[in-house]
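To start, the structure under review is shown below, and the notes come after it.
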Amino acid sequence: MGAASPALLDALRGPGVTLTQDVDLALHTTLRVGGPADVLVTVDDEDALLHSVRTVVSHAVPMLVLGRGSNLLVGDAGWPGVVIRLGAGLRGISIEGTTVRCGGAEPMPSVAVRTAQAGLAGFAWGAAVPGSMGGGVRMNAGAHGADMSDALVSARVLDPAVGRIEEWGPERLALGYRHSALPEAAIVTSVTLALTTADPATVLAEIDAIRAWRREHQPLNRPSCGSVFTNPPGTSAGALIDRVGLKGTRVGGAEVSGTHANFIVTSPGACASDVEQLIALVARRVREETGIELSAEVVRPGPTPEGPRA
Ligand SMILES: Cc1cc2nc3c(=O)[nH]c(=O)nc-3n(C[C@H](O)[C@H](O)[C@H](O)COP(=O)(O)OP(=O)(O)OC[C@H]3O[C@@H](n4cnc5c(N)ncnc54)[C@H](O)[C@@H]3O)c2cc1C
């Protein structure tokens, strides 16, 4: 029996909770690698989330929060516990003046387009990031010179250690470069942004330009997790990886993209250990040849039997 015992499954059932057993997590990540999970819990409102998280905590089972899986490298052994994600009931965008409230499950690109159409500037960059608003706060996602911290007013957060949902402001979230102060299993259920008024056509044109730039400079037609490494101070990880000649380097079904050296793309049949080994190889070569230590941006939950992390 795995981590999800019949007693745990029974206790999890309730209004607004959908349980899916024996889930292939590769199908839930944009890298398209990773092993199974016993159970995926999809919650459609905050009460269902509270019930599920309290149940998981009381059964002392490890919990992984899954957004749109666009920055996750799950190991081949899968996740040894419960995976929890926000369902369609926790999507949605409401706009009042320049204040925008979004469900934690809402995809960032849809927030970018909706706010642009409403004549609001300040979130066009979100069109480029294929994650959820909750995942975007966790990572302080950003692109094209802006990030979540620029517009964020507050987020509703469930910290399992606290056991209730609280409104977190910017000081408590402490958003930094691809970083937040959210505890590992804390879940963002909604996000409030403050934007500025603008001409809709201008913001929509900005989104078009961002998308065109991405199509030209990133391998959007292949599975990836976006940038694998954060940029070291004063330089770009992609430029360093390119400079040491690693574009096109392969391990199994994982390959350093020839279009953007900070992307690892996968082919059908690739496994997570291919990606892990390629990450380690790239980090080692960059360290040996430039003296610069790269740090992974991609989140790798749980233990890594494959060895030390970059
Ligand atoms: C093609 C491509 C391009 C990308 N470009 C960019 C870019 O320009 N800039 C950038 O910053 N990122 C980029 N990314 C990475 C990714 O989209 C972001 O990191 C995004 O914020 C991840 O959101 P997610 O919902 O997919 O989170 P996931 O990948 O599912 O999870 C990532 C982390 O967030 C946590 N998490 C997920 N949902 C929640 C929630 N509701 N509450 C709390 N924690 C949560 C997870 O537990 C995990 O720790 C790109 C990815 C791809 C595939």
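In order along the stretch 59-70, the Karplus-derived 3J(HN,Hα) couplings, from 6.51 cos²θ - 1.76 cosθ + 1.60 at θ = phi - 60°, round to 8, 6, 10, x, 10, 10, 8, 10, x, 8, x, 8 Hz, and Gly and Pro are given as x.
From the C-alpha gyration tensor of the stretch 28-68, pull out the three semi-axes of the equivalent ellipsoid (sqrt of 5λ each), sorted largest to smallest, in whole Å.
On the way: eigenvalues 93, 37, 10 Å².
They are 22, 14, 7 Å, listed from largest to smallest.
Taking every pair of alpha-carbon atoms in the stretch 211-287, give the share separated by more than 21 Å as a whole percent. Every Cα pair in the stretch 211-287 considered, those over 21 Å come to 21 percent. For the chain, the Kirkwood hydrodynamic radius from C-alpha pairs, put into Stokes-Einstein at 37 °C and a viscosity of 0.692 mPa s, yields a diffusion coefficient of 163 µm² per second.
How big is D for the stretch 158-310, in µm² s⁻¹ as a whole number, if Stokes-Einstein is applied with the Kirkwood radius of its Cα pairs at 20 °C and 1.002 mPa s?
Value of D from the Cα-based Kirkwood radius: 118 µm²/s.
The GNM of the chain, with springs linking C-alpha atoms under 10 angstrom apart, assigns the highest mean-square fluctuation among Val100, Val53, Val191 to Val100.
If you plug the beta carbon distance of Arg172 and Thr196 into 1/(1 + (r/R0)^6) with R0 = 25 Å, you get a FRET efficiency near 0.55. Projected over all directions and averaged, the alpha-carbon convex hull of the stretch 116-198 occupies 5.4 nm². Between Leu66, Leu175, Leu27, find the one with the highest GNM mean-square fluctuation for the chain; connect C-alpha pairs within less than 10 Å. Checking each option, the largest mean-square fluctuation is seen for Leu27. Ranked from largest, the principal axis spans of the Cα set of the stretch 11-89 equal 31, 26, 18 Å.
Considering only Ala128, Ala270, Ala201, the mean-square fluctuation computed in a Gaussian network model of the chain, springs between alpha carbons under 10 angstrom, is largest for Ala201.
No value in this document is a laboratory result; all are computed from the given coordinates. Just so you know, these numbers come straight off a predicted model, no measurement behind them. As a convention, Cβ positions derive from the backbone with ideal geometry for all residues, glycine included, and neighbour counts pool all protein chains shown.
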